[in-house]
Amino acid sequence: MRTTRTTFTRRGFLGLAAAAAASPALAACGGGLGSSAGGSTIKFWDMPWSTPAYNTAAKKITEAYAPSSGNPKASYQTIQWSNFYQTFSSAIASKTGPAVSTGGGFQAFQFDEQGQIAHADKVIAALKKNGQFDDFLPGVLDAFKSDKGYVAVPWQLDMRVLWYRKSLFDKADAAVPTDWPSLLAAGKALKKIGVIGFSTGSGAGNYLGNHFMIAMMINNGGGVFTPDGQLDLLSDRNVEAIEFVSELVSNGVIDPAAVSYTTDNMDTQWKNSKTGYGLYVTGLPQRVGDTSGDITAASPLTGPHGDKATLVFPNNIMMYKNTPSQASSEAFLVYYLGQLKHLWQQKLMNAVPVFKSITELPEFAGDPNNVKIVKEYQPIAKTFASRGTVLDANIAVLDGGQAINQFTQTILTGKSDAKSALKTFQSSLQSVIKS
């Protein structure tokens, strides 16, 4: 999600931390996938993925684009997260929108359903030709391949990671959890020394509680949908997962006040050593200004049946049919993907890059937490579509709707048993998603 202190639904990217400002050393390079008409620009709309230094660097990358003769250059505009979907919708309807953009994690699928997205198959073909296709981390493209083509191209991964504060585990004489029983045991031990045993929250603008619920389902081999996209919230694996979450609540491992915690509250708790363990975004130490090494990425948990998974939101770049030249949109996107490394080299991104070569850069790989996340989390990461693999507009309805918020708050307050809460959740979703 957006800037460090702004939050919204899983339409975007949550884990944003302070990043150093620096000017990129960029080589102007172009190259096209075909001829195009000139006389305009390829409008690239981008979001505030980090501090203003990020947008400054992304603008320089955009303006350094040198298209082949006769093709339009690219222009850059920052679009704020506040009411961003309405901004895009209005502009697309009036044909004043972008040709290429970043945006919310499921935005491309919503606009594709409306017939506004230009599929990226030619971009993928160009990446195969220039070698970048083989540089993608395993599986990251899968979610974007629909039966009509590639809806968008991923560029960063917003991963949900388990973190712990080592000094508090030492004080509590607790072992770092490896599975659900040891999570409960560690949580009880941390509670005894007066700290939060598992950090989460569902206050205004905080969707980490929602993510925790889904993460526990998929960590138990469950998920909201069947592999073919049908609602399946009442499966035995989902019930078992939410019963365990309820056990954490009833034992006080999850703070009774968690239902009201904002991300600011959670950040403060991590910063002030009031939290021992929990699910959060990448770059948590940098986010809360504690890079002493005390806050460390833990390994993923193993579920009761041997499953191991985490939740990921693959943020992407999409193209639109309203463009001065589709070939030029494609050429710009290929160029831009080739320049992403500069953003991580300047430490402007608090996310996992989709390209293996960027994960190997010293600026990224120099942080042992990053290395652990790429090695242990990325291969097992699943999206909201789990147990399926392909995203669609129904995922946006799940993520952006009230049903999941109400479900999470019901569980965190202990107001309902797992099966009843899941039944209500399924009924609420069934009324708003498309079959």
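Here are some notes:
- Approximate spin-label separation GLU360-ALA125, in nm, with each point projected 7 Å along Cα-to-Cβ: 2.9 nm
- Here the stretch 177-336 is treated as a Stokes sphere of Kirkwood radius computed over C-alpha pairs; at 37 °C and 0.692 mPa s its diffusion coefficient rounds to 185 µm²/s.
- Taking max minus min of the alpha-carbon positions on each principal axis, the stretch 229-305 gives extents of 42, 25, 24 Å, largest first.
- Lysines with Cα under 16 Å of LYS274, excluding same-chain neighbours fewer than 8 positions away: LYS166, LYS171, LYS188, LYS191, LYS192
- D_trans [Stokes-Einstein, Kirkwood Rh over alpha-carbon pairs] for the chain, 4 °C, 1.567 mPa s, µm² s⁻¹: 59 µm²/s
- Rounded to the nearest 20 debye, the dipole size of the stretch 207-261 about its Cα centre is 140 debye, using +1 on the Cβ of Lys and Arg and -1 on the Cβ of Asp and Glu.
- The alpha carbon convex hull volume per residue for the stretch 215-264 rounds to 101 Å³.
- Radius 12 Å from Cβ of ASP307, net charge of other residues (Lys, Arg +1; Asp, Glu -1): +2
- Of LYS60/LYS321; LYS122/LYS375; LYS129/LYS356; LYS59/LYS375; LYS43/LYS434; LYS145/LYS434, pairs whose Cα-Cα distance is over 28 Å: LYS122/LYS375; LYS59/LYS375; LYS43/LYS434
- The orientation-averaged projected area of the convex hull spanned by the Cα atoms of the stretch 129-242 comes to 10.9 nm².
- Formal net charge of residues neighbouring LEU127 (Cβ-Cβ distance under 11 Å; K, R +1; D, E -1): -1
- Each principal axis of the Cα cloud of the stretch 60-115 was evaluated for its coordinate range; sorted largest first, these ranges are 34, 24, 20 Å.
- Ranking LEU208, ALA125, PHE44 by Cα position along the charge dipole of the chain, where only Lys, Arg, Asp and Glu carry charges on their C-beta atoms, puts PHE44 farthest toward the positive end.
- FRET efficiency estimate (nearest 0.05) - Cβ-Cβ, ASP264 to LYS321, R0 35 angstrom: 0.30
- Label point distance in nm, GLN86-THR413, each placed 7 Å from Cα along Cα→Cβ: 2.7 nm
- 15 Å tail of the calculated P(r), the stretch 259-301, as % of Cα pairs: 37 percent
- Note on the stretch 88-137: Cα-only Rg and Dmax are 13.4, 38 Å.
- Over the stretch 356-435 - Rg/Rh using Cα atoms and the Kirkwood inverse-distance radius: 1.16
- Rounded FRET efficiency, nearest 0.05, which uses the C-beta distance separating ALA175 from LYS148 and R0 of 41 Å: 0.25
- 10 Å-binned pair-distance histogram of the stretch 288-341 (Cα, whole percent): 16, 23, 22, 22, 17, 1
- Reachable aspartates and glutamates from LYS271, criterion Cα separation under 12 angstrom, eight or more residues apart if same chain: ASP290, ASP294
- All C-alpha to C-alpha distances of the stretch 108-179, sorted into 5 Å bins beginning at zero, yield P(r) values of 3, 12, 17, 16, 11, 8, 6, 7, 8, 7, 4, 1 percent in whole numbers.
- Ranked by the mean number of other Cβ atoms within 10 Å of their residues, highest first, the peptides 58-66, 129-137 come out as 58-66, 129-137.
- When the stretch 324-397 is reduced to its Cα atoms, the Kirkwood hydrodynamic radius in Å: 14.7 Å
- The magnitude of the dipole of the chain, with charges of +1 and -1 set on the Cβ of Lys/Arg and Asp/Glu and taken from the Cα centre, is near 660 debye.
- Seen from ASN251, the other residues with C-beta closer than 10 Å to its C-beta sum to a net charge of +1, counting Lys and Arg as +1 and Asp and Glu as -1.
- Cα centroids of the stretch 187-201 and the stretch 141-170: 26 Å apart.
- In terms of overall dimensions, the C-alpha atoms belonging to the stretch 270-425 reach 54, 44, 31 Å along their principal axes, ordered largest to smallest.
- Computed label-point distance, nm, for sites GLN77 and GLU243 using a 7 Å Cα→Cβ extension: 5.4 nm
Each value in this text was obtained by applying a stated rule to the coordinates, not by laboratory testing. Here the structure is a predicted model, which is why all the values come from computation and not from measurement. A quick note on method: Cβ atoms are made from the backbone with ideal geometry, for glycine too, and the neighbour counts reach across all protein chains shown.
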